[in-house]
Amino acid sequence: MMTRAPLLPVALLSGTLVIQACQEQTTFTEVTGAVVSFEVVSGDGQTGPVGEELPDPLIVRALDEKGKRVKDQLVNFRVIAGGGSMFAGASITDKHGLAQDYWTLGPEAGENVVEVRAVHPSTGEKQVFSRFTAVAVIPTEEVCNGVDDDLDGEIDEEMVYCIDGEAAPHTDGKNSCLVGWDDLDGDPTNGCEEKTTCDEELDIATNNPVEAAFAVGICKVAQDQSDWGLVSASWVMADGSPPPTDPEQLGRFHLGHGVLAAFGPNVSVLEGSRFLALSSGVARSPADPGYMGTSTDKGLTGDFPEGFPQTQPFNCPLQASPADPAGLELTLRVPENATGFSFDYKFYTADYPEWDCTSYVDQFVAMLSPFQGGQTPGNIALDPLGLAPNANSPETITVCFPSGHYTCPDGTAELQGTGFENHGASIWLTAQAPADPGSEITLRFAIYDSGDGIIDSIVLIDNFRWTGN
């Protein structure tokens with residue numbers, strides 16, 4: 001009698017087959033071929049803060065012996081240096097053969113290393129296929145070097161003068177020109193193109209008027225009629241006429257100018273290394289060679305500058321005729337992106353306090369031509385009362401010992417070591433004026449005594465700069 005074979009073994013066999021298939025899937029034997037290599041796709045060579053996760057994952061591609069992509073391969077990512085950690089530590093390749101994981105760097109600065117590992121699906125052999133390296137760093141202040149120093153994801157950010165990781169010419173590589181340079185064209189890519197310091201090696205007694213302009217802070221010399229800067233410089237009398245041609249008189253005239261590094265222990269240059277001094281006597285301080293005190297009569301006479309003498313405050317008399325004048329006249333071509341200029345000056349006079357409100361007071365002027373849209377030359381050196389600086393104005397003479405209506409709010413420290421210890425001076429004052437872009441202007445600095453040459457004054461001039469765009 002025939003009997004049916006029991007179904008259970010078949011079912012069990014089917015179950016065995018299913019289990020075997022599942023086991024094969026679990027052990028990832030369904031591959032295109034045995035993995036023989038992993039290629040690094042991305043994530044190698046990163047830099048990040050210590051103890052932080054890197055922004056980019058580590059991605060590898062599994063390949064078999066024919067260079068084909070292998071899917072469903074278990075890939076292990078193991079930290080072997082640096083003390084960091086992986087997010088999962090293992091990943092399975094997708095249909096493109098790709099696997100990835102995320103890497104947190106160790107707690108100390110230095111190199112971190114991760115190995116890519118796998119086990120051969122047939123032989124069980126341990127395999128190390130490739131390495132990822134990264135550098136853990138401690139975030140620092142951003143500098144111009146093409147590196148994300150502060151590790152915020154941006155390189156050299158907020159640094160207008162940092163061009164492709166390098167400082168633009170004559171800049172700090174951030175947002176400032178180096179001392180002695182200025183950015184006139186506003187283009188950060190060419191840096192700061194105007195040299196504003198050019199007086200480091202000037203001789204105190206130079207007779208070169210161009211070097212006197214350097215001491216004031218004018219360094220750019222125009223190269224042709226289309227170029228801006230200093231066009232010409234010359235020594236002049238107060239009215240703009242040439243100095244005497246007689247050698248003896250000319251020698252005395254040249255005593256009235258000097259290029260000084262300081263004026264006493266408490267008055268320093270404002271820019272560069274020198275300032276220009278003009279004097280109705282001798283343009284020196286007691287510490288300088290050739291100093292002759294504050295009462296030197298050079299025996300020179302001249303004419304008033306345009307518009308002088310002017311009415312004086314407090315019903316003081318008009319000034320007598322100029323004596324012992326000293327002046328520097330500059331012709332300048334204005335940059336196309338400038339709308340004006342300014343400079344600073346500081347006036348000292350031995351007329352205070354004995355000779356103020358007399359016809360003998362010395363005068364400093366800065367005559368600009370053309371002035372205010374083409375008018376005749378005018379003085380732009382004005383104290384807070386709108387007066388040309390001399391001993392008659394308590395708004396000019398504020399560095400002093402109080403006398404009469406002079407309250408001397410700025411003390412006496414800046415008189416020390418100047419030869420004017422018992423007299424008076426101004427603080428640094430600023431003169432400024434508009435100028436048409438591309439135009440030529442003439443600026444004349446001049447100082448003179450009045451009536452005679454026996455009581456002297458001196459003016460320090462520095463820090464010329466163009467203003468505007």
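The values are calculated or read from the model by the stated rules, or taken from the named source; none is laboratory data. Bear in mind the structure is a predicted one, so any value in this text is a computation, not a measurement. FYI the Cβ positions are ideal-geometry reconstructions off the backbone, even for glycines, and counts take in every protein chain you see.
So is Pro121 in a loop (DSSP other than H, G, I, E, B), in the same structural domain as Leu58 (by TED's automatic domain parsing), buried (at least 19 other Cβ atoms within 10 Å of the Cβ) and touching a residue at least 12 places away in the same chain (Cβ under 8 Å) or not?
Numbers: in a loop (DSSP other than H, G, I, E, B): yes; in the same structural domain as Leu58 (by TED's automatic domain parsing): yes; buried (at least 19 other Cβ atoms within 10 Å of the Cβ): yes; touching a residue at least 12 places away in the same chain (Cβ under 8 Å): yes.
Considered against the rule, which asks whether it is in a loop (DSSP other than H, G, I, E, B), in the same structural domain as Leu58 (by TED's automatic domain parsing), buried (at least 19 other Cβ atoms within 10 Å of the Cβ) and touching a residue at least 12 places away in the same chain (Cβ under 8 Å), Pro121 comes out as yes.
For the stretch 124-139, enumerate the residues that are hydrophobic (A, V, I, L, M, F, W, C) and surrounded by fewer than 16 Cβ atoms within 10 Å (Cβ to Cβ).
Val128, Val135, Ile138
Would a scan of the stretch 244-261 turn up a residue that is part of a loop (DSSP other than H, G, I, E, B) and crowded, with 24+ Cβ neighbours inside 10 Å? So that I can check it myself, show each step before the final result.
Step one: of the stretch 244-261, the residues part of a loop (DSSP other than H, G, I, E, B) are 244-246, 261.
Filter once more, keeping what is crowded, with 24+ Cβ neighbours inside 10 Å: none.
No - not one qualifying residue is present in the stretch 244-261.
I'm trying to understand the selection: among the residues of the stretch 179-196, which are buried (at least 18 other Cβ atoms within 10 Å of the Cβ) and of a type in the set (Ser, Thr, Tyr)?
Result: Thr196, single match.
Output the residues belonging to the stretch 321-345 that are touching a Gly at 6+ places or on another chain (Cβ under 8 Å) and among the small types (Gly, Ala, Ser).
Ser321, Ala323, Ala326, Gly327, Ala338, Gly340
Restricted to the stretch 171-195, and to residues that are assigned to a loop (DSSP other than H, G, I, E, B) and more than 12 Å from the chain's Cα centre (by Cα), which residue is modelled with the lowest pLDDT? Walk me through how you get there before you give the answer.
We begin by selecting, within the stretch 171-195, every residue assigned to a loop (DSSP other than H, G, I, E, B); these are 172-176, 178-180, 183-187, 191-193.
Of the ones still in play, those that are also more than 12 Å from the chain's Cα centre (by Cα) are 184-187.
Details: Leu184: 76, Asp185: 80, Gly186: 83, Asp187: 90.
Per the criteria, the residue is Leu184.
Scan the stretch 379-430 for residues that are outside any loop (DSSP other than H, G, I, E, B) and surrounded by 18 or more Cβ atoms within 10 Å (Cβ to Cβ) and report the count.
The first filter runs over the stretch 379-430 and keeps only residues outside any loop (DSSP other than H, G, I, E, B), leaving 379, 399, 403, 406, 413-415, 424-425, 429-430.
Restricting the remaining residues to those that are surrounded by 18 or more Cβ atoms within 10 Å (Cβ to Cβ) gives 379, 399, 406, 414-415, 424-425, 429.
Total meeting the criteria: 8.
Assess whether Phe314 counts as being on the phi > 0 side of the Ramachandran plot, surrounded by fewer than 23 Cβ atoms within 10 Å (Cβ to Cβ) and in the same structural domain as Val210 (by TED's automatic domain parsing). Lay out the reasoning, then the answer.
Values: on the phi > 0 side of the Ramachandran plot: yes; surrounded by fewer than 23 Cβ atoms within 10 Å (Cβ to Cβ): yes; in the same structural domain as Val210 (by TED's automatic domain parsing): yes.
Spelling it out, Phe314 is indeed on the phi > 0 side of the Ramachandran plot, surrounded by fewer than 23 Cβ atoms within 10 Å (Cβ to Cβ) and in the same structural domain as Val210 (by TED's automatic domain parsing).
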